[in-house]
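The structure appears right after this line, and notes come after that.
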Amino acid sequence: MSVQVESVCFQIGQTSIIQDVSIRVAAKQFVGIVGPNGSGKSTLLKMIYRILQPDMGRVIFDNQDVFQLPVRTIFQKMAVVSQEAVQDFDFSVQEVVLMGRTPHKRMFQSDTDEDHFIVEQALSRVDMGVYKDRSFTSLSGGEKQRVLIARALAQQAEIIVLDEPTNHLDIRHQLQLMDLVKTLKVTVISALHDLNLASTYCDYLYVMNKGQIACAGTPVEVMKPEILREVFGVETEIITHPVTKKPHITFLSHCSLKLAPAVGGG
């Protein structure tokens, strides 16, 4: 399923948050949205998953305006893991993941054996199967995040929207999560903080700055020192990773730049 955002704008009071932003995501493409804090990444995602309605412009799933579709239909097609996911409900881990089956059920329909099988599979894929009877509130931040990813998997949607999905995860589980998402063969739109993860896993990147798209392209086209300097205000050294063959970014501190020997000095 494809996603198209057409010239969306959004403001709060007199403050413009998103200005004339357009993106296109092909079916089964993994698209990353990167940019500094406050650049509008999360606001853009919220318009895609219908929490915020654009002041101008449209969000389209396969030629259908999302604001013209029933909510149940939207969430049969799209799963969301957001930064603001409620994390204080007093349910077991299994019950939280079973919530991912809700869009596929009629009102008051009971959970089936198939639902429980799908949930067990989802929990296993994020290394949380042994926690299924634990209270969700007793988990660490990283464990909660993995459960919420499992809930999205149980939803079996054609589109997954992720807002900083690796927050709270240790390195092993960051890589496990990104490997998993990459193999799902669904359309993925993800805001990412880690530029090296974005470079390694995304097919295409949109770089946001001050509520607009600063540039867009493949990781090779986007991950350039002059672009990162302009958008993030940092100096970088970028090489082609010998294993992944993707751009790999090393961030240079002001101290390291001062200490670096002058070229041709002696």
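Every number in this text was worked out from the coordinates using simple rules, so none of it is lab data. Every value quoted in this text rests on a predicted model; they were computed, and no experiment measured them. Cβ: placed from backbone, ideal geometry, glycine included. Neighbour counts: every protein chain shown.
Pull out the extension gain between Arg58 and Glu6, defined as 0.36 nm times the separation in residues minus the alpha carbon to alpha carbon distance; nm, one decimal.
Working: separation 52, 0.36 × 52 = 18.72 nm, distance 0.52 nm.
Separation in residues times 0.36 nm, less the Cα-Cα distance, equals 18.2 nm.
Computed across segment 88-214, the Kirkwood radius stands at 15.6 Å (inverse of mean 1/r, all Cα pairs).
For the chain, the longest principal axis of the Cα atoms and the long axis of helix 113-125 meet at an angle of about 20 degrees.
The slack between Gln19 and Arg134, meaning 0.36 nm per residue of separation minus the straight C-alpha distance, is 37.0 nm. The convex hull of the Cα atoms of the chain, projected and averaged over all directions, covers 17.2 nm².
Couplings 3J(HN,Hα) for segment 141-147, derived from phi with the Karplus relation 6.51 cos²θ - 1.76 cosθ + 1.60 (θ = phi - 60°), are x, x, 5, 4, 4, 5, 5 Hz, where x marks Gly and Pro. Distant-in-sequence amide contacts of Lys246, defined by a placed amide H-H separation under 5 Å and a gap of 5 or more residues or a different chain, comprise His241.
The alpha-carbon of Lys105 sits under 21 angstrom from the alpha-carbons of these lysines, leaving out residues fewer than 8 places away in its chain: Lys77. For the chain, the Cβ-based charge dipole about the Cα centre amounts to some 300 debye (Lys, Arg positive; Asp, Glu negative; other atoms uncharged). With θ taken as phi - 60° and the Karplus curve 6.51 cos²θ - 1.76 cosθ + 1.60 applied, the whole-hertz 3J(HN,Hα) list for segment 46-52 is 5, 6, 5, 9, 6, 7, 10 Hz, x standing for glycine and proline.
Scalar couplings 3J(HN,Hα) for segment 75-80, obtained by applying the Karplus form with A = 6.51, B = -1.76, C = 1.60 to θ = phi - 60°, are 8, 6, 8, 9, 10, 10 Hz; x denotes Gly and Pro.
Scanning residues 5 or more positions from Met56 or on other chains, those with amide H under 5 Å from its amide H are Cys9, with H placed 1.01 Å from N in the peptide plane.
As an exercise, identify the trypsin sites (Lys or Arg not before Pro) in segment 1-105 lying in DSSP coil whose Cβ has no more than 16 other Cβ atoms within 10 Å. Intermediate results must be reported in sequence, preceding the final value.
Numbers: sites: Arg24, Lys28, Lys41, Lys46, Arg50, Arg58, Arg72, Lys77, Arg101, Lys105; in loops: Lys28, Arg50, Lys105.
Of the trypsin sites (Lys or Arg not before Pro), the ones in loops of segment 1-105 whose Cβ has at most 16 other Cβ atoms within 10 Å are Lys28, Arg50, Lys105.
Multiplying the residue separation of Cys215 and Ser253 by 0.36 nm and removing their Cα-Cα distance gives an extension gain of 11.3 nm.
Applying the criteria of a DSSP loop state and at most 14 other Cβ atoms within 10 Å to the chymotrypsin sites (Phe, Trp or Tyr not before Pro) of segment 99-139 yields Phe108.
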